[in-house]
Each structure stands twice: as structure tokens, then as C-alpha cells.
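Nothing in this text is a laboratory measurement; each read-out follows from the coordinates by a stated rule. The model shown is predicted, which means the values in this text are computed figures rather than measured ones. Every residue, glycine among them, receives a Cβ derived from its backbone with ideal geometry; neighbour counts consider all protein chains shown.
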Amino acid sequence: MSSTIDHQQVNIVETVPKSTKKVDRPFQKFIKNEASSGVILIGALGMALIWANTDFPTNYEEFWHYKLGFSLNQFEMENTLVHWIDDLLMMFFFLLVGLEIKRELLFGNLSNRKRALLPLFAAFGGMVVPALIYIMFNPPGSPGFRGWGIPMATDIAFALGVLYILGNRVPTGLRIFMASYAIFDDLGAVIIIAIFYTTDLNLLFLFYAIIFVGILALLNRFHVTKLKYYFMAGMPLWYALLNSGIHPTLAGVIIAAFIPGRQKIDFEQFSELTHDLIHRMDVFTKDQHVSHKEMKIYANTLHTLKVACDEVLSPLQRLEHQLSPLVTFAVIPIFVLANAGVKIESSIGEIFLDFVALGIFFGLVVGKPIGIYAISKLALNKGWGELPAGMNLGHLKAAGIIGGIGFTMSTFIATLSFTEHYLIEASRMSIVLASLISAVIGALYIIKRTKR
């Protein structure tokens, strides 16, 4: 048995790609999942547009605004299907974003100061310039001013999906930069939603929310690793935020902040321990007649091996691994399907007539490339940041263009910004058109400037 295990281990090592170096492994896995999600997202976008414009199999608006709820004694909750998606399902998207931010700050590419600062500056420029362009079209006091946050967000899944489609034309450095930039961009969007897109506060429920945040902090302080306890405190936190006036999806980021990121045993200890345990089990398997006492030792050895497998991964790593497929292949596509449907015949003209639509369109298509490239170039000239290996200024321009893909988070902020149906429709159509144009121009630029 020992020789078989050793032989299998050799085969596994030999089949691991050379590119999976320790420094790149978190990003490689992250990029692969997000890129695949981007391809599915494009399909969900197409389905939403077809559905909204054909009313097949049923009316798009009526379906997603169907009321759904439940009651338990005096406790009642009822809302439209689209609001359940935007308020509850998207919490898991924000939870994954929070886990990714924390993981990269602790262990990944963002733990290097200069490498982390460049995408941080890029995110800052990519948020401020689009907002300023939007405000030029919709100054304070105008009906559309509240939507200034819409063009500030980049859709990481869509953006990395475009890079994935381009294959080996795209250097790994550009993928790493885009992933890092999008993480900071998402964090900025979360802060903006928390501060500027919060309705009137209910102080009682805000107090309840603070209590549950305190419980999460205590769980982290006492090194509780069972994830179920964090969710037992996290779901009431979501409900408290829902009723406090703060958008409830922010509960996901708060929960992520308190999920422990440190593993109990490191990989070297795990390797030594498992080698010893497997050798001990190998001794048992050679003996055909195992006593009851020896069988108990064998069972305890197996249990120890299971515990070691659990403790070599931190709770943060375990939850991210479990949550990533759910978010990338279910939550985001469902959100897109429920929010991206616009009637093209009634909306496409509004792009050139409505100031909200114009502000979003030029904020994403023009503001994002200018903001990302200009501020990043300034940071490079000042020595505040450095480009990832294999990336040049041409790639930085491409990143700026692709940063104009603002689909998921932009659409989400649009639903928080307006209650008027015509403004929501104009926003959606502008986001879709701007994102598609940014994707096409960015892809063509990379094809023209980058060798295979």
C-alpha cells in the first residue's frame, strides 16, 4: 500500500502545471472561476434581453415582480422575487467579495505593498473620473443626480471573462492586475453603498445589528472555526440591516471580515503528520487479524487524519472554496437574468436623449479608461506602485478600457438609486450598451497590441 501511495503522489506532482507556483495559486483559481462565470453571465444577459423583448415564456416584469413571502406566528416577510434576489441572494456575492479581499490582503498579491498600491490607485481613478463625468450630465439638484455611483463599478466576472476568451494573448500579469483592481473597485462600491445609498436609519434595528456584529467579533476573538456559528449570527444581522435602512447585502462583507483567515496547522506540519498517519495505517493493513483494541487505534488514526485535513485549511479558505461555485454559476447569473431585461425599442433612443443614460454611458466608456490609466501612470511615475511581471503600459490601457464593463455592480447600484421606472430602464440599457462597447473595444485593442 505504501508503494502505491508514493507512486500516486509522484504522478500527482508530475501533472501539476508549472504555472501553479505558490505566489500565483490563489489568483489562478480565482481568475479561472470568475472567467467561467463571465461566459455564463454573457449568456444570462442575452437571455434577459430576449425574454424582456419577446415576453416568452411569460411577461418579464410580471414574473420578477411576483410577490413571495412567508409568515410564522406574528413574524411576516413578503417581497417581490427581484427584491429577494437583490437583498438576500446578493448577500452571498458580497460575502464572497469580502472573503476574496481578506484572503488577498493576508496571503495573496495584495500583501505586497507596491503591487497592491497600483491597482488601488487604478480603482480610485476608475471611480472618481466616471462619477465626475456623470455629474457633468446630472448636476446636484437634477432628477438623475442620485445615480452618480452607477458608472463607478467594474464587473469582475464580465471583465475576466473577456480576458479568458482572448486566451494566450493576455499575459498573466494583466489578469492579476485586473483581478486586484476589481477587488478594490468592489470594496469601494461597498463603501459607497453603505454611506450614500442608505435610507432613513431605524436606530433600534441598527442597535440590534451592532449586537450581532459584536457576536461575530467574539466568535473570531475566541478562534471559533465552525462556520455554522458565524451564519447563526450573520443571518439575524442581515435581517437587522434590512430593517435598519442600511442595505442588507453589506451583511456579507461584515461576516467575511470576521471569518478566521489563519490555519491551525501549516502545510509543512500537515505533510509530516499525514505521512506518519498513513504509515501507521499501512502497518495495520498488512495484518489480516486485527484485534478490537487495534481497530480502535485504526479508527482514531482515521479521525486524526480527518481533523488534520480540516485544520490545514482556514475557515476562510474552506468557505471561499464552497461558496465560489454557488456565486459564480448561480447567484450572479440569476441576478443578471432578473435585472438586465430592458425593452430595446423603447430604450435605445434614450441613450442619446436622457442625461442619466448619457452620464452612465460616457462615465463607463470614457471615464473608466481615463481614470484607470491616468492615476495608475501617476503612481508609477512617483514610484508608488509597480506593474506585475509581464505587463506594460499598453496592457494598462487595455485594463482601463475593459474596466468600463460595469455590469453587475452598476446595475445593482441603479436599482438602489432610482424608483422611477423610466430612469431604471434608461440606466439598464446604458449599462448594457456601455459594457458591450467596452468589452469589444478592449478585446480589439488587446488583439492589435499583444502578440500570442
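For the reader, a short list of remarks on this structure follows.
- Segment 51-128 versus segment 397-417: alpha-carbon centroid distance in Å: 13 Å
- Chain lengthening between I211 and M235 when straightened (0.36 nm per residue, less Cα-Cα): 7.4 nm
- Segment 109-169: C-alpha gyration tensor shape, a/c 1.5 cut-off, then a/b vs b/c: oblate
- Segment E420..I447, full-extension length gain: 5.6 nm, with 0.36 nm per residue of separation and the alpha-carbon distance subtracted.
- Counted charge near T415, where neighbours are those whose Cβ lies closer than 13 Å (Asp, Glu -1; Lys, Arg +1): -2
- Distance between the pseudo-spin-label points of A330 and L436 (7 Å out from Cα toward the beta carbon): 3.0 nm.
- In this simple spin-label approximation, L204 and V39 carry label points 7 Å from Cα along the Cα→Cβ vector, and these lie 5.2 nm apart.
- Under the convention that each Lys and Arg Cβ holds +1 and each Asp and Glu Cβ holds -1, the size of the dipole of segment 160-247 around its Cα centre is about 400 debye.
- The packing ranking of peptides 393-405, 226-238, 167-179, highest mean first, is 393-405, 167-179, 226-238, where packing means the average number of other beta carbon atoms within 10 angstrom of each residue.
- Vicinal HN-Hα couplings computed from phi for segment 88-99 (Karplus, 6.51 cos²θ - 1.76 cosθ + 1.60; Hz; Gly/Pro x): 9, 4, 5, 4, 6, 5, 5, 4, 5, 4, x, 5
- Sorted on the mean count of surrounding Cβ atoms within 10 Å across their residues, most packed first, peptides 250-262, 133-145, 380-392 read 250-262, 133-145, 380-392.
- Between T54 and H83, residue separation times 0.36 nm minus the direct Cα-Cα distance comes to 8.2 nm.
- Near the amide H of T80, within less than 5 Å, lie the amide hydrogens of L68, all on another chain or at least 5 residues away, with H placed in the peptide plane.
- Computed on the Cα trace of segment 343-452, the radius of gyration divided by the Kirkwood hydrodynamic radius gives Rg/Rh = 1.07.
- Loop-located trypsin sites (Lys or Arg not before Pro) in segment 107-159 (DSSP state not H, G, I, E or B) with no more than 15 neighbouring Cβ atoms inside 10 Å do not occur.
- Cα gyration tensor category, rounded, prolate or oblate, for segment 73-230 with a/c compared to 1.5: oblate
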